[in-house]
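Below: one structure, written as structure tokens.
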Amino acid sequence: MAFEYTPEINVDYLTQLRQPILDRGTQQVGQARGEALRRGLTGDPFESLRVGAAQNSMNQGLAGAEAGLAYNTAGLRREERLIGEKNVYTSAEAEKQRKFQEQMAQTQGNYQWMLAKMQQDSARGTANASGWGTALGGVATGAAILI
């Protein structure tokens, strides 16, 4: 599940975010200049302050939009990375579980084989104490390895 946006999508989205900010900023600059013109204060510090404030507001809005997009993109990348890490962890755990089950099945098979052999030997009357100890010791050693 990939959340990565292509650069074209990011540019289009940022353009959509920027346009209303630019429009509003241009309108505010025009209002500031128009007000200064009506008052006969063109070229005056009053006009400069109002125009500068409008442009500053517009620049802050643009920077906020770009920062918001970068933050959202970083969040999506983080989420994608975490999902990937979870998948790697899950598959590693599944592999460990599979190997453990294989080892347990092998040990169970060895145990069943030893038990059958001991029963055969016992039925023939050839089993001795050391033979039983050796057989059971092998099963216990196999089980200890798994733990």
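A few remarks follow.
- Which numbered condition T73 fails, given (1) under 30 Å from Q27 (Cβ atoms); (2) touching a helix residue (DSSP H, G or I) at 6+ places or on another chain (Cβ under 9 Å); (3) at pLDDT 90 or above; (4) not acidic (D, E): (3)
- Within the range 57-68, at least one residue is more than 16 Å from L14 (Cα to Cα) and surrounded by 11 or more Cβ atoms within 10 Å (Cβ to Cβ).
- Residue pairs meeting the criteria (Cβ under 6 Å; at least 6 apart or on separate chains; first in a helix (DSSP H, G or I), in the range 96-110; second surrounded by 12 or more Cβ atoms within 10 Å (Cβ to Cβ)): T107/G142; T107/A143; N110/G142
- Residue count, the range 41-87 (criterion: polar (S, T, N, Q) and under 13 Å from the mean Cα position of the chain (by Cα)): 2
- Flag if T90 is assigned to a helix (DSSP H, G or I), farther than 30 Å from D12 by Cβ, free of Cβ contacts under 8 Å to residues at least 40 places away in the same chain and touching a helix residue (DSSP H, G or I) at 6+ places or on another chain (Cβ under 7 Å): no
- The single condition among (1) closer than 30 Å to R39 by Cβ; (2) surrounded by 13 or more Cβ atoms within 10 Å (Cβ to Cβ) that R77 does not meet is (1).
The values are calculated or read from the model by the stated rules, or taken from the named source; none is laboratory data. None of the values given here were measured: they were computed from a predicted structure. Cβ atoms come from the backbone with ideal geometry, glycine included; neighbour counts cover every protein chain shown.
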